[in-house]
Amino acid sequence: MDLRTSTRFDPLLGLSAFSLVLDRQPAEAVADGAGAEVALIVGTNTEEGNLYLAPQGRMATTTDDDVHDVAARVHADPAALVARYRARHPRASPGELCSAIMGDALFGEGSRRLAEAHAAHGRGPTYTYEFAWRSSAVDGSLGAAHAVELPYVFDRLDLPALRGPRGLLGPAEPSEALAECMHGAWVRFARSGDPGWAPPETRRFTGQE
């Protein structure tokens, strides 16, 4: 679906029929002071966009034209946007480039704006993170995709549905140490407002914990 308007790009890239449901975007409200005293934790996964390409086999089949089409959904000058991402990721395949653009458009840019707006007030602490552990699902192409962090946040690596070649975590053994570390951080944040690292550090969860 194409839900773009004359003044806004579709923040969900046509992936959902629901799109905008708020009068104002959260980052705009926070910039004006909403929730300034409340501790915030926000972050993204390294390869968010892989979720929308890898399970469909599109990491390998995406073309340069597909990359341009996705860029056109989120930027007034798609060629310039693609060139910028190509400069950042010179060895990326079209599928990887498309994933990077989608991941930032869907999650990365909005999360960064929200964190920056909250931190600018200097009242409640702002904690940011990046989840970089790569799932071995879909023949290793799922990677650090959208939602892969959730079994670690909730420490549910034991669920059978998450394991195996078709499960979110893939057939390789997931990291128990990462689950303990990440789940512990979220529990500490819920209890005290402090997940265990100091702003403005961005905590990377890699599986090497």
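All of the numbers you see were taken from the coordinates with simple rules; none came from a lab. Just so it is clear, the structure is predicted and the values come from calculations on it, not from any experiment. Glycine gets a Cβ as well: all are built from the backbone with ideal geometry, and neighbour counts include every protein chain shown.
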Exercise. Of the residues T61, T44, T128, which exhibits the maximal mean-square fluctuation in a Gaussian network model of the chain defined by a 10 Å Cα contact cut-off?
Worked result: T61
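Compute the relative contact order of segment 21-100 as a whole-number percentage, counting only Cα pairs closer than 8 Å that sit 6 or more residues apart in sequence.
Value for segment 21-100: 34 percent.
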Exercise. Across segment 200-206, in residue order, what do the Karplus-derived ³J(HN,Hα) couplings come to in whole Hz, using 6.51 cos²θ - 1.76 cosθ + 1.60 with θ = phi - 60° and x for Gly and Pro?
Worked result: x, 4, 9, 6, 9, 9, 10
Exercise. Who wins for biggest fluctuation among L142, L97, L150 in a Gaussian network model of the chain, springs between alpha carbons below 10 Å?
Worked result: L150
Seminar exercise, completed: Expressed in nanometres to one decimal, the distance between label points 7 Å along Cα→Cβ at F154 and A80 is 4.3 nm
Exercise. ³J(HN,Hα) across segment 144-154 via Karplus (A = 6.51, B = -1.76, C = 1.60, θ = phi - 60°), whole Hz, x for Gly/Pro?
Worked result: 8, 7, 3, 6, 5, 6, 4, x, 7, 4, 9
Exercise. If you average 1/r over every pair of different alpha-carbon atoms in the chain and take one over that average, what Kirkwood value in Å do you get?
Worked result: 18.4 Å
Exercise. Given H placed on each backbone N at 1.01 Å, which residues far from S135 in sequence or on other chains put an amide H within less than 5 Å of it?
Worked result: G143, A144, A145
Problem set entry | Listed peptides 63-71, 158-166 by packing density, highest first (mean Cβ within 10 Å) | 63-71, 158-166
Problem set entry | Backbone N within segment 102-116 under 19 Å of label point (7 Å from R24 Cα along the Cβ vector) | 110-116
For this session: Report, in cubic angstrom per residue, the convex hull volume of the C-alpha atoms of segment 5-63.
Result: 147 Å³
For this session: Return the loop-located GluC sites (Glu not before Pro) in segment 24-105 (DSSP other than H, G, I, E, B) with at most 11 other Cβ atoms within 10 Å of their own Cβ; answer none if there are none.
Result: E37
Problem set entry | Estimated vicinal HN-Hα couplings, Hz - segment 78-86 in sequence order (Karplus 6.51, -1.76, 1.60; Gly, Pro = x) | x, 4, 5, 5, 4, 4, 5, 6, 5
For this session: Take the Cα radius of gyration of segment 41-147 and divide it by 2.2 N^0.38 Å, with N its residue count; two decimals is plenty.
Result: 1.14
Exercise. Between F189, F154, F18, which gets the highest mean-square fluctuation from a Gaussian network model of the chain, Cα cutoff 10 Å?
Worked result: F18
